[in-house]
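For reference, the structure discussed in these notes is given below.
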Amino acid sequence: MELRADLHVHTAHSTDGKEAVRRVVHHAKKIGLGAIAITDHNVITAWTEALSQGEKDGIIVIPGEEISSSEGHILAYGIEKRIKKGMSPEETVEEIHEQGGVAVAAHPYRSGNGLGADAVRKVDFDAVETLNFGSSARSNEKAEVLARELGLPMTGGSDAHTLDDIGKAYTVFVDVESVEDILEDIRRGNTEPRGNSQTFGAMLSHNTRKLTKWAKRGFRRV
């Protein structure tokens with residue numbers, strides 16, 4: 001049986017997130033997702049509530065984090081404790097693996113916070129995020145080419161910061177029943193990204209909002 005998992009979702013615990021944890025998990029279940037990864041920026045404070053709500057709603061919740069490495073964003077799944085930001089990509093991925101987690105290069109071609117091809121090539125990633133709803137079609141296409149070049153598994157996620165965007169991009173798994181099953185299938189490449197990229201108009205609006213928030217933060221990167 002197919003299971004749809006949105007592997008890149010933010011809550012209000014992220015500096016740029018808007019939605020309460022309970023609402024995020026409940027909405028994911030409501031729209032038919034079977035799993036959701038909570039990947040707030042550089043924090044894991046939403047995990048306890050998310051896991052509890054997942055049990056109530058009957059949806060798998062994957063503990064995660066989107067880590068700001070020194071060169072760009074990295075997604076961690078199945079880790080046990082917070083990984084600090086600012087380390088090199090190599091150090092970040094090494095820490096993820098030491099915790100038994102899965103390391104994924106998030107939106108590698110996104111301007112400003114993507115790692116870029118060179119960084120992905122030199123680090124031992126488990127997979128590449130090749131379909132991100134917050135990224136352009138061209139950016140996602142380049143990420144897919146890179147993943148195929150390196151022979152790495154591919155994942156998809158919405159990168160949602162609002163309820164409306166949850167599930168706009170996701171990863172399909174077959175015959176999985178737990179977080180451990182999902183992590184192992186990512187490692188083995190038993191994944192199929194599906195969904196949409198961002199339209200040009202939406203990208204323009206999104207980038208304008210990002211620039212405004214960036215200015216409010218004193219031009220500090222998340």
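Some observations on this one:
- Residue-by-residue Karplus 3J(HN,Hα) for the range 139-154, coefficients 6.51, -1.76, 1.60, Hz, glycine and proline x: 4, 5, 4, 5, 5, 5, 4, 4, 4, 5, 4, 8, x, 9, x, 10
- Gyration tensor (alpha-carbon) shape descriptor, the range 103-185, a/c threshold 1.5: oblate
- From the coordinates of this entry, Kirkwood radius over Cα pairs in Å is computed, and it appears in (i) 17.5; (ii) 16.9; (iii) 18.5 under the label (ii).
- Bridges between two residues of the range 2-216, per DSSP, are antiparallel at a rate of about 50%.
- Trypsin sites (Lys or Arg not before Pro) restricted to DSSP loop in the range 1-57 with at most 15 other C-beta within 10 Å: Lys18
- Within the chain: Cβ-based charge dipole about Cα centre, in debye rounded to nearest 20 (Lys, Arg +1; Asp, Glu -1): 1240 debye
- Cα gyration tensor category, rounded, prolate or oblate, for the range 33-147 with a/c compared to 1.5: oblate
- Considering helices alone, the calculated mean residue ellipticity of the chain at 222 nm is -10500 deg cm²/dmol, with DSSP H runs of length four and up weighted by -39500 (n - 2.57) and normalised per residue.
The numbers here are math on the coordinates, done by the rules we state, and not lab data. Here the structure is a predicted model, which means the values were calculated and not measured. We place every Cβ from the backbone using ideal geometry, glycine too, and count neighbours over all the protein chains shown.
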